[in-house]
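Just so it is clear, none of the values below were taken in a lab; they were calculated from the coordinates. Owing to the predicted nature of the structure, the values given are computational and were not obtained by experimental measurement. Because the Cβ atoms are built from the backbone with ideal geometry, glycine has one as well, and the counts that use them run over all protein chains shown.
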Amino acid sequence: MDQKPDPERLRRLEEAVLQVPRLNRQIFLAARVDDMSVAEIARRTGLSQRQVIKRLGRAIKVIGRHLRSSDAD
């Protein structure tokens, strides 16, 4: 990654991630930032892999909606 991250974009992304409910946010960050597998997240949270996938999808939807709405402003 040669380019410097856009501080405004990072701020909007952080704000979007904070809109996600706590457990879904933890799952999202584990998958996307910590590069954990669904199976590993399921083991650590005590959820089924299917529940982890659902919660990850919900987190992504919330983040996407928030980013799209902030882009429209």
Worksheet item: Once the piece of chain linking Ser37 and Arg58 is laid out straight, how much longer is it, given 0.36 nm per residue of separation minus the C-alpha distance between them?
Response: 5.9 nm
Worksheet entry | Around Val33: net Lys/Arg minus Asp/Glu count, Cβ-Cβ under 14 Å | -2
Discussion item. Going 7 Å from the Cα of Thr45 along its beta-carbon direction, which residues of region 10-29 have the amide nitrogen within less than 17 Å of the resulting point?
Written reply: 17-29
Worksheet entry | Calculated over region 1-65: convex hull of Cα atoms, volume per residue (Å³) | 83
